[in-house]
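Asks: Let me begin by handing over the structure; questions about it come next.
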Amino acid sequence: MIKNSLLGALSMAFALLTLSCTATEQVQSPDTSQSVENQGKQVTELERPLPYPVDIPDAYLQAVENGTRTLDGLPGENYWQNYASYNLSAEIDPETHTLYGESSVQYFNHSPDELQVIVVELAQNLHKAGTPKKETTEITGGKNLNRVAVNGTDLDTITMFQRWAQNASGYMIEGTRLYIFPDEPLASGESIDLAFEWSFEVPQAGASGRMGRNRDNLYFIAYWYPQVAVYDDVYGWMDDPFVGNAEFYHGFADYELTVTMPREWIVMGTGEFLNPEETLSEETLQRYEQAGSSDEIVTVADFHELSTATRQGNDKLSWKFSADKIRDVAFSATLESRWDATRTPVGDLDGDGQTDYSRINTFFRELAPLWEEQAEYAQHSIKFLSEYTSLPYPWAHMTSVEGAGIIGGGMEFPMMTVIGDYNNAGAVRLYGVTAHELAHMWFPMILSTNERRYTWIDEGYTTFHTNEANKDYYGDRFDNNDIFGGYLQIAGSDLEGEMMRWSDFHYPGPAYGVASYPKPASVLAALRGVLGEDLFLEAHHELIERWKYKHPYPWDIFNTIEDVSGRDLSWFWRAWYYETWTLDQAVTDVTAGGNTYTIAIEDLGNVPMPVYFKVTLQNGEELMETIDVDHWLEGNRTKHIQIETGSPIIRVEIDPENHFPDVNTGNNVWKASE
């Protein structure tokens, strides 16, 4: 997601948008006689803090002991996930903006544990008075829960005293959490049937701008149904409350969705669209089918055609969708939005050697003229990201809905995204937010991470992928500075928070946004600089392959990258993810003694990284030199490099390819005096 509150903090991140030579090395020793033991060597007193071992929670280590996770980064042979099957129905009354919902859920306990309680998320209760919130939120009353049933039997509300003193069955609501206590625990290997009926007033900008309504002609509905929380092999039930900031952690499930609206409204939702012939007019249906096999953009229903775009003869229409193995469901209902559609290649999904395609749908209103190009942006984004991740986009469609008045940035759901009009930000930014929200189809829609605690995983990988898509679409207009900039604005200051800090516990201000978006993206670019492009992509693809349709935690990511690269990167994880240390590499001096030149490189920051520097000679020859990170891990601050050359050195530049987010690039270059 890109929220309105983050746009300012991230604006910088997105706006920047034949002589024989030999080299020898000499280390400058500290002026001290005291010594310490470091990495098996006797060295002089450390001049710098060193990365100490990464903290791994006991709960994760217990999962390794249980065989559900491994220290190699692979899912263990005992890995399991609970699963669910939902049948959802929704109807909206546009006069009162009230959504009425019903659902039946079959929940499967694949864990080895007996479950005494079932935890369900009620995200709409963020809009209930008295529910804890991290920001000002519209009060609509939250969710009116009219029925909760287990295995066909309706339950009543109970108090904590009734539960613990009398072992009563029933349910309790605490903020955005519903706790269901069935008559009998849910045994391992068994399932339970749940049923719900509810209603709520659709807020204008609900769930902190992630869903809502606007201008009486648009609904974008998400976080709208009682959703069983994740019970995983590391922490058990995920019952952290939703307070409007950090997002969600969802399990995978199968969904059947039916949305009923007055006839004039056009509906699109997560899943395969099952009944276009029952809901679309004959002409609209013909264009819809044409768009499914067209590489060109087809206007399925233009502004002046919307009143007759749906099937006539009924006051209401029911739109049906179906999806398997996804983590959430959202839908849109539009009254005055143009519908553009096309297809885009995603790769070979089924292994038959043929290119497969997914539909691209775009809905936008007349006051959003930049959106006339948005279908092309979505086409490119899905195609590029399928190639870059080496995992073809797996679903029937990707739909973008212009939602000015609900959101200024964008918000993602499986197969659906809502994005602002971007009239003021411009077309380049509209492409960028499109690529960003669509990149979320991989993180966290396929690699389903715990966003409420580790937002940096899904937002960081997505911001990194967005920048790669920008580079591909716009060429040299974008480079690593477009992600470095947002991080470097507060790097090392009191405003910064550690990336591994649980997301809702960052200090107010830019700490959460920077730790979630540009810093982790910058660190991924730095990791690519350490490993090299090929090895980085090999590890990146393997991570996605191992953990697709599963729940990776940070240590699964770290372990996988180390396993694929064959390198101990604990220093990298500690320095970048657990600390707010900064990188500041400097060329501090170049001296000459005959044909021997001595280059002094200092590491002024606390993040240890290899130093890549280019030496330019007067005759035009260029030399690339490297200082291995191990030198800094031995506690040193300075390295002297000696180069013998018959042509004078006229320039030394650290990190000429801009791999690393250095807080002071002004000391990265030395030039000979003229």
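Asks: For segment 261-276, what are the residues that are outside any strand (DSSP E or B) and either in contact with a Pro (Cβ under 9 Å, 6 or more places away or on another chain) or under 11 Å from K320 (Cα atoms) (or both)?
Replies: Of everything in segment 261-276, those that are outside any strand (DSSP E or B) and either in contact with a Pro (Cβ under 9 Å, 6 or more places away or on another chain) or under 11 Å from K320 (Cα atoms) (or both) turn out to be W265, T270, G271, L274, N275, P276.
Asks: Additional query: Just to be sure before I move on: is E114 out of contact with any Cys (no Cβ under 7 Å at 6 or more places or on another chain), more than 20 Å from V228 (Cβ to Cβ) and of a type in the set (D, E) in the structure I sent?
Replies: Answer is no for this residue.
Asks: What residue, among those in segment 331-363 that are of a type in the set (A, V, I, L, M, F, W, C) and under 21 Å from S386 (Cβ atoms), is surrounded by the most Cβ atoms within 10 Å (Cβ to Cβ)?
Replies: So, considering only residues that are of a type in the set (A, V, I, L, M, F, W, C) and under 21 Å from S386 (Cβ atoms), the one surrounded by the most Cβ atoms within 10 Å (Cβ to Cβ) is I360.
Asks: Separate question: Condition first: surrounded by fewer than 22 Cβ atoms within 10 Å (Cβ to Cβ) and closer than 12 Å to I139 by Cβ. Now tell me which residues in segment 192-209 satisfy that.
Replies: E201, Q204
Asks: Which of the following residues is closer than 30 Å to L349 by Cα, under 21 Å from the mean Cα position of the chain (by Cα) and part of a helix (DSSP H, G or I): D556, D534, D504?
Replies: The unique qualifying residue is D556.
Asks: Kindly check whether there is at least one residue in segment 572-580 that is surrounded by fewer than 20 Cβ atoms within 10 Å (Cβ to Cβ), of a type in the set (V, I, T) and at pLDDT 95 or above.
Replies: no
Asks: Looking at (1) crowded, with 22+ Cβ neighbours inside 10 Å; (2) of a type in the set (D, E, K, R); (3) in a strand (DSSP E or B), which is the only condition D328 fails?
Replies: Failed condition: (3).
Asks: Another question about this same structure. For S322, indicate whether it is small (G, A, S) and either crowded, with 18+ Cβ neighbours inside 10 Å or out of contact with any Leu (no Cβ under 9 Å at 6 or more places or on another chain) (or both).
Replies: Spelling it out, it is not the case that S322 is small (G, A, S) and either crowded, with 18+ Cβ neighbours inside 10 Å or out of contact with any Leu (no Cβ under 9 Å at 6 or more places or on another chain) (or both).
Asks: Just the residues that are touching a strand residue (DSSP E or B) at 6+ places or on another chain (Cβ under 9 Å) and under 25 Å from L604 (Cβ atoms), please, taken from segment 548-575.
Replies: Hit for segment 548-575 is A575, nothing else.
Asks: Would you confirm whether or not segment 242-250 contains a residue that is over 20 Å from the mean Cα position of the chain (by Cα), assigned to a loop (DSSP other than H, G, I, E, B) and surrounded by 22 or more Cβ atoms within 10 Å (Cβ to Cβ)?
Replies: Among the residues of segment 242-250, not one is over 20 Å from the mean Cα position of the chain (by Cα), assigned to a loop (DSSP other than H, G, I, E, B) and surrounded by 22 or more Cβ atoms within 10 Å (Cβ to Cβ), which makes the answer no.
Asks: Same structure, new question: Any residue in segment 278-303 that's closer than 18 Å to N314 by Cα: show its pairings with residues that are among the charged types (D, E, K, R) and part of a helix (DSSP H, G or I) at Cβ separation under 7 Å, as long as the two are six or more apart or on different chains.
Replies: Listed pairs, sorted by first residue: L285/E277.
Asks: Under the condition of being assigned to a loop (DSSP other than H, G, I, E, B) and of a type in the set (G, A, S), which residue from segment 644-674 is modelled with the lowest pLDDT?
Replies: The qualifying residue modelled with the lowest pLDDT is S673.
Asks: Considering only segment 215-231, I want to know if a residue exists there that is closer than 17 Å to E402 by Cα, out of contact with any Pro (no Cβ under 8 Å at 6 or more places or on another chain) and surrounded by fewer than 20 Cβ atoms within 10 Å (Cβ to Cβ).
Replies: yes
Asks: While we're on this one: Quick check on my filter: what residues within segment 512-524 are buried (at least 22 other Cβ atoms within 10 Å of the Cβ) and of a type outside the set (F, W, Y)?
Replies: G513, V514, A515, S516, P518, K519, P520, A521, S522, V523, listed by residue number.
Asks: Are any residues in segment 336-350 out of contact with any Lys or Arg (no Cβ under 9 Å at 6 or more places or on another chain) and not in a strand (DSSP E or B), and if so, which ones?
Replies: Those that are out of contact with any Lys or Arg (no Cβ under 9 Å at 6 or more places or on another chain) and not in a strand (DSSP E or B): D348, L349, D350.
Asks: What strands (runs of 3 or more DSSP E) completely inside segment 1-104 contain at least 1 residues that are modelled with pLDDT of 50 or more and of a type in the set (F, W, Y)?
Replies: 83-93
Asks: Exactly one of (1) surrounded by fewer than 19 Cβ atoms within 10 Å (Cβ to Cβ); (2) of a type in the set (S, T, Y); (3) on the phi > 0 side of the Ramachandran plot is unmet by T299. Its number?
Replies: (3)
Asks: Then there is this: When you scan segment 636-643, do you find a residue that is at negative phi, at pLDDT 95 or above, out of contact with any strand residue (DSSP E or B) (no Cβ under 8 Å at 6 or more places or on another chain) and among the aliphatic types (A, V, I, L, M), even just one?
Replies: The answer is no; no qualifying residue exists.
The values are calculated or read from the model by the stated rules, or taken from the named source; none is laboratory data. This one's a predicted model, so the numbers in the text were calculated from it and none came from an experiment. Reconstructed Cβ throughout: ideal geometry from the backbone, glycine too, with neighbour counts over all protein chains shown.
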